[in-house]
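To keep things clear, I will list the structure first and then write my remarks on it.
The values are calculated or read from the model by the stated rules, or taken from the named source; none is laboratory data. Computed from a prediction, not measured in an experiment: that's the story for all the values here. Virtual Cβ from ideal backbone geometry, glycine too; neighbours counted across all protein chains shown. Surface accessibility is based on the protein's heavy atoms, side chains included, excluding ligands, DNA and RNA. Shrake-Rupley method; radii C 1.70, N 1.55, O 1.52, S 1.80 Å.
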Amino acid sequence: QVQLMEFGGGLVQAGGSLKVSCVASGNIVSINAMVWYRQAPGKQRERVATITSGGSTNIADSVKGRGTISFDNAKNTVHLQMNSLKPEDTAVYYCNALMGDGRGYEVEYWGQGTQVTVSS
């Protein structure tokens, strides 16, 4: 019983910055990794950024140099900071968590998504 709640989406002008966040709550045993995805209308879902429990990060080429992923252990919150936003960044951004269940299995959870719209 884990919930992911996203916030921080909205409307921003091209060239501006935005930070989306996702809070994990409930019966959390361990977090192996947290991932940000995005999906634009008519397109497939795309992985944007990943952060592992060891602190390793991976940023997609489409966002590299403009995006930063971070995790606050005390608050179980993952952040995606995006700068120099472009209209092509417009999408629904989804938070994804890979968690251990304490029994040797990994369980995947998804947030509801938050809309990011970049205007020209």
ask   = For the pair residue 30 and residue 105, how long in nm is the line joining their label points, each one 7 Å along Cα→Cβ?
value = 1.6 nm
remark   = Rounded to the nearest 10 Å², the 1.4 Å probe accessible area of residue 106 is 110 Å²
remark   = Quarter of the surface of the C-alpha convex hull for the chain, i.e. direction-averaged projected area in nm², equals 7.3 nm²
task = Determine how large the accessible area of residue 28 is when every protein chain is in place; take a 1.4 Å probe and give Å² rounded to the nearest 10.
result = 50 Å²
key: Per-residue HN-Hα couplings for the range 6-13 [Karplus 6.51, -1.76, 1.60; θ = phi - 60°; Hz; x = Gly/Pro]   = 9, 7, x, x, x, 9, 9, 6
task = Order 105, 93, most accessible first, counting only protein heavy atoms with a 1.4 angstrom probe.
result = 105, 93
message = What are the ³J(HN,Hα) couplings of the range 69-82, residue after residue, when phi is run through the Karplus curve with 6.51, -1.76, 1.60 and θ = phi - 60°? Round to Hz, x for glycine and proline.
response = 10, 8, 9, 9, 5, 5, 10, 6, 10, 9, 10, 10, 8, 10
task = Compute the distance in nm between two label points, each set 7 Å from the Cα along the Cα-to-Cβ direction, one at residue 74 and one at residue 46.
result = 3.5 nm
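Just the number, please: carbon plus sulfur as a percent of the accessible area of the chain, 1.4 Å probe, no ligands or DNA/RNA counted.
Values: 3050 of 6470 Å².
Exposed carbon and sulfur together represent 47 percent of the surface.
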inquiry  = At 1.4 Å probe size, what's the solvent-accessible area of residue 5? Round to the nearest 10 Å².
reply    = 120 Å²
remark   = HN-Hα couplings for the range 93-110 via Karplus (6.51, -1.76, 1.60; θ = phi - 60°), in whole Hz with x for Gly/Pro, come out as 9, 10, 9, 10, 10, 10, 10, x, 9, x, 10, x, 10, 10, 10, 9, 10, 10
